[in-house]
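Structure record follows, encoded as structure tokens.
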Amino acid sequence: MRIGALVLICSLAAFPLQVRAQQAKTESPAAAATSPAPLNDAQVLGRRLFQQRCAICHTESTPGANRYGPVLYKELIAGNEDTMREFISNGSKGKMPGFKYGLETREIDAIVEYLKTLSRPAKRNQGAPGDVNVMD
Ligand code: HEC
């Protein structure tokens, strides 16, 4: 009886782990479709920082809403890493804040690494009335 109870407790404790493992398995094909390579640690850090600090200006929010900064993707960044790091550190007068006091060098590097994993978004709303995005 005591052993039976122990087995029961152990299997209950293991249950959420099994479920999570199964979810991970079933999620992976879909995840692979949107992001071809899994992100490494630096890129994961970069993604988190980007979402916290940059996404508000650099990602499309709702259709019809204007984005403040340009969409960033790998072709913009790759090959221009130094320029981009400098841009992120110093910002652009009156348009984008500089992050040299708000982010560590390693964090800016991580964001740059993350941005290099993003593919160029498909153009949409081209010429649509009300779409006055001057940054493109
Ligand atoms: C307040 C809004 C805002 C925030 C927050 C912001 N940006 Fe920007 N960003 C802009 C604008 C606006 C531009 C275009 C500036 C210009 O043309 O002078 C820009 C331009 C850039 C560029 C240059 C793109 C190019 O083609 O030259 C990079 C790289 C960039 N941002 C990265 C970042 C990163 C990384 C962060 C977060 C750490 C960030 N930005 C946060 C508004 C923002």
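Of the candidates Gly98, Gly94, Gly46, Gly64, the single residue that is under 26 Å from Lys123 (Cα atoms) and modelled with pLDDT of 80 or more is Gly46.
Can you tell me which residue is most open to solvent (accessible area, probe 1.4 Å) among those in the stretch 56-72 that are assigned to a loop (DSSP other than H, G, I, E, B) and within 10 Å of the ligand (Cβ to nearest atom)? Residue satisfying both the conditions and the ranking: Tyr68. Taking every residue in the stretch 100-129 that is farther than 16 Å from Pro38 by Cα and pairing it with any residue that is at pLDDT below 90 and assigned to a loop (DSSP other than H, G, I, E, B), at least 6 positions away or on another chain, the pairs with Cβ-Cβ distances below 7 Å are Asn125/Pro63; Asn125/Asp131.
The values are calculated or read from the model by the stated rules, or taken from the named source; none is laboratory data. Because the structure is predicted, anything quoted here is derived from the model rather than measured. Cβ: placed from backbone, ideal geometry, glycine included. Neighbour counts: every protein chain shown. Side chains included, ligands, DNA and RNA excluded: accessible areas come from the protein's heavy atoms. Shrake-Rupley method; radii C 1.70, N 1.55, O 1.52, S 1.80 Å.
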